[in-house]
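Here's the structure we're looking at; comments come further down.
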Amino acid sequence: MTDPQACHQRFMQRALELAAQGRFSTAPNPMVGCVVVADGKIVGEGWHQRAGEPHAEVFALREAGALAKGSTVYVTLEPCSHFGRTPPCADALIKANVATVVVAMKDPNPLVSGEGIERLRANGIEVLVGILEQQALALNNGFVARMQRKRPWLRVKMAASLDGRTALSNGESQWISGTDSRRDVHRWRAQSSAILSTAKTVLADNAILTARHPQAERQPTRVIIDSQGLLTGQEAIFKEPFPIILVHAPDTPATAVERDWPAHVECIMVARTNMRHVDLTQLMHELAEKQINSVWTECGAQLAGALLTAELVDELVLYLAPKLIGHSGHGLLNLPAFAHMSQVPELTLKDVRQVADDIRIIAVPRRVRGDLTS
């Protein structure tokens, strides 16, 4: 006898696989996949490909055609119930006369959460919620974080030698990690809404901070903290016509703030904290207001440490190369001087794998565990 729960999980897993195909293209929308099942067989599939284009349900119902009537539909996110750039998907399911809709997770947007489910039920459609919910949350952690916490999902990337050094004493760091690791970094960049760095890093590395990956359909917004007004607009990063947000402070020199920046550059003002640093929490909220779901950092020890201290880091992505630099090299993070081990930040290892000769570690600060909910 077929186990209904096992069937639900199998078809929802397929819907999640379809949704993941949008990882390079759907932002700021969430990734969504949909599967239409009739008589135990998949008769229609779809995934949301780009913001402003049809949602996953539309593609799946279109492929299923007349077979959608009386079917069971698996969708990774609650069908929308409102008019945006496309009509409500809940209405499309109702019009197709489907019998059951299985939803992995509710829409995290508090303004619409549950409305799509209620509309389906009000029209006689059975709705089951919570099948592979945690996988669905993980897939769209950036979108969920923006909706629930009003800030993006933040990944801090670092590359270091086995003894935890990021550069030689003279600042030379190219290249600590290997070619495959750097290729992996560009894959992460291509999936991110924004790349966060500082003017000092841009100047030191002559960085352009783009995603050079074959599947990159759009370039992440480059967010550069330049509270001292060090950048002039002549640096290599400005030659690429992709969006840049320059983050200034109230005391940034007026000559920098009022400079005639290129059209693809936006300047925003963020307050300083009592520690005289740019208020990173405010910055994250500002980025969420600009519909940025996820942020990838390319920065030094000072900003990385400040983000961790401010409890804004959701994941640390660390590439360890089989090299030894010694105590004179630059350290990984600038953190406060701790007096007791109980004060030391604790991490949970989420993923450890080898990338060619390097090791990639993804670690999660303990306070993040269970942070997002459906």
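The values are calculated or read from the model by the stated rules, or taken from the named source; none is laboratory data. Only a predicted model underlies this, so the values are computations on that prediction, with no experimental measurement involved. Counting neighbours? That spans all protein chains shown, and the Cβs are built from the backbone with ideal geometry, glycine included. Heavy atoms of the whole protein, side chains included, go into the accessibility calculation; ligands, DNA and RNA do not. Shrake-Rupley method; radii C 1.70, N 1.55, O 1.52, S 1.80 Å.
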Item to check | Between helix 280-289 and the chain: long-axis angle, C-alpha atoms, 0 to 90°, nearest 10 | outcome: 40 degrees
Checklist entry - Got a number for the accessible area of Lys150? Probe 1.4 Å, square angstrom, nearest 10. => result 100 Å²
Item to check | Farthest toward positive dipole pole in the range 150-365 [+1 Lys/Arg, -1 Asp/Glu at C-beta], among Leu231, Thr221, His285 | outcome: Thr221
Checklist entry - Under a plain spin-label model, where a point goes 7 Å from the Cα along Cα-to-Cβ, how far apart in nm are Arg259 and Gln343? => result 3.8 nm
Checklist outcome for this item: Connecting every pair of Cα atoms under 10 Å apart in the chain and solving the GNM, the largest mean-square fluctuation among Ala337, Ala90, Ala136 falls on Ala337
Item to check | Glu217-Glu289 FRET efficiency (beta carbon distance; Förster radius 25 Å; 0.05 resolution) | outcome: 0.60
Next on the checklist: Could you work out what % of the accessible surface of the chain is carbon and sulfur, using a 1.4 angstrom probe and leaving DNA, RNA and ligands out of the count?
Outcome noted: 51 percent
Item to check | Area accessible to solvent at Thr255, 1.4 Å probe radius, in Å² | outcome: 100 Å²
Checklist entry - Toward the positive end of the charge dipole of the chain, about the Cα centre and with charges on Cβ (Lys, Arg +1; Asp, Glu -1), which of Met105, Ala304, Phe11 goes farthest? => result Phe11
Checklist entry - Which is the longest run of the chain containing none of the GluC sites (Glu not before Pro) found in DSSP loop states (not H, G, I, E, B) with at most 16 other C-beta atoms within 10 Å? => result 1-171
Next on the checklist: Springs between alpha-carbon pairs under 10 angstrom, Gaussian network model over the chain: which of His186, His264, His248 fluctuates most?
Outcome noted: His264
Checklist entry - Rounded, prolate or oblate: which fits the range 4-143 when a ≥ b ≥ c are the square roots of the eigenvalues of the alpha-carbon gyration tensor, with rounded for a/c under 1.5 and prolate only if a/b beats b/c? => result rounded
Next on the checklist: Using only the alpha-carbon atoms, how far is helix 179-191 inclined from the longest principal axis of the chain? Give it as 0 to 90 degrees, nearest 10.
Outcome noted: 60 degrees
Next on the checklist: So, R0 is 30 Å and r is the distance between the beta-carbons of Phe242 and Glu172; what FRET efficiency does that work out to, to 0.05?
Outcome noted: 0.60
Next on the checklist: If the only charges are +1 at each Lys and Arg Cβ and -1 at each Asp and Glu Cβ, what is the size of the charge dipole of the chain around the Cα centre, to the nearest 20 debye?
Outcome noted: 200 debye
Checklist entry - What nm value, rounded to one decimal, do you get for the distance between Ile362 and Lys41 when each label is placed 7 Å out toward the C-beta? => result 3.6 nm
Checklist entry - Local charge sum around Asp205 (other residues, Cβ-Cβ under 12 Å, Lys/Arg +1, Asp/Glu -1)? => result -2
Next on the checklist: Taking just the alpha-carbon atoms of the range 150-365, what radius of gyration and Dmax come out, in angstrom?
Outcome noted: 17.0, 50
Checklist outcome for this item: In cubic angstrom per residue, the convex hull of the chain built on its Cα atoms measures 163 Å³
Checklist entry - Between the range 7-59 and the range 170-247, what's the alpha-carbon centroid distance in Å? => result 32 Å
Next on the checklist: I want to check the label-to-label distance for Glu126 and Arg10. Put each point 7 Å from Cα in the C-beta direction and report it in nm to one decimal.
Outcome noted: 1.8 nm
Item to check | Mean residue ellipticity (222 nm) of the chain, computed from DSSP H runs ≥ 4 via -39,500 (n - 2.57), nearest 500 | outcome: -7500 deg cm²/dmol
Checklist entry - Over the heavy atoms of Phe238, what accessible area does a 1.4 Å probe trace out, to the nearest 10 Å²? => result 10 Å²
